[in-house]
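What follows is one structure encoded as structure tokens, with my remarks underneath.
The values are calculated or read from the model by the stated rules, or taken from the named source; none is laboratory data. Computed from a predicted structure; not experimentally measured. Backbone-built Cβ (ideal geometry, glycine too); neighbour counts: all protein chains shown.
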Amino acid sequence: MISVYHYMSLSAILFAMGTYGVLTRRNAIVIFMCIELMLNSVNLTFISLSSHLQSMDGQIFVFFVMTVAAAEAAVGLALMIAFYRNRDSIDVDDINLMKL
Amino acid sequence: METIFFYLVALVAVFSGFLVIRCQSPVNSALGLVNTFFCLAIFYVMLHAPFMAAIQIMVYAGAIMVLILFVIMLLNLGTEARKSYTHGIVWSSIASLAMMFVALRFVKLGRVTGAEGDITAFAVESVGHVELIGKTMFTEFLLPFEIASILLLVAIVGAVVLAKKEV
């Protein structure tokens, strides 16, 4: 039988993988995708605990996490386009100046 | 049966996450991420949250991933072949593995309380998941809902201002 601990272990593994990607990758869009992976692993924790505790609060929280992720995607990708227009690169090692 | 299904989908999810963090081309990473989102949607259905699975597929796998793929192709990143696309592998591996072991240890040692609420699987199936979520969201969580709408408005304006050539 699948318990809530199985889901939380899977969520911990996915979160650690997302952390590894954020720390190692150079491409800013891939880093952004790894952040989405971490957000999704936290969503899995919320929904598994909400289902285990038979309460609706965790799922409402997941709803708001998805709202914030959508807003973050719009603003973050606009930032990357603006950065690419200035420096012709999307590499995080090139993001080392506050102003050109 | 359910256990085998869980392990199968979990394996696919972890493998897709591995593709996200290891593929050299950003497009391959994006496709792995879409696969992970679908696996998580399957878990949401198994956890009696079908509406969450639906908006996971529509918002994440639909909207956000299309936006990311659109930007990848707009910036023409798929064709660039850099020799080194990672940095700091050793320390990052140590940090993330340590974090994973701490988290797994907490999950193993901790005990989740067995508090009984009124949103059981039977209630979800008889009343309907969307109705239960709507009731909670528009009574208890009305103020955060309105704040989320303001956040989305600010994000729309901010994205337009940032992406324009000159304001």
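Quick notes on this one:
- Every residue from region A:38-67 that is more than 7 Å from chain B (Cβ to nearest Cβ) and either in contact with a Cys (Cβ under 6 Å, 6 or more places away or on another chain) or β-branched (Val, Ile, Thr) (or both): A:Val42, A:Thr45, A:Val65
- Here A:Val4 passes the criteria (1) of a type in the set (Val, Ile, Thr); (2) farther than 25 Å from B:Gly114 by Cβ; (3) surrounded by fewer than 22 Cβ atoms within 10 Å (Cβ to Cβ); (4) in contact with a His (Cβ under 7 Å, 6 or more places away or on another chain) except the one numbered (2).
- Single unsatisfied condition, B:Ser93 versus (1) among the polar types (S, T, N, Q); (2) within 30 Å of B:Glu131 (Cα to Cα); (3) facing chain A (nearest Cβ under 8 Å): (2)
- Selection status of A:Ile29, in a helix (DSSP H, G or I) and either touching a residue at least 40 places away in the same chain (Cβ under 8 Å) or more than 9 Å from chain B (Cβ to nearest Cβ) (or both): yes
- Matching residues in region B:1-23 - criterion: being more than 25 Å from A:Val4 (Cα to Cα) and within 9 Å of chain A (Cβ to nearest Cβ): B:Val20, B:Ile21, B:Arg22, B:Cys23
- Single residue of B:Leu143, B:Leu162 found to be surrounded by fewer than 12 Cβ atoms within 10 Å (Cβ to Cβ), closer than 27 Å to A:Glu72 by Cβ and either more than 7 Å from chain A (Cβ to nearest Cβ) or at pLDDT below 90 (or both): B:Leu143
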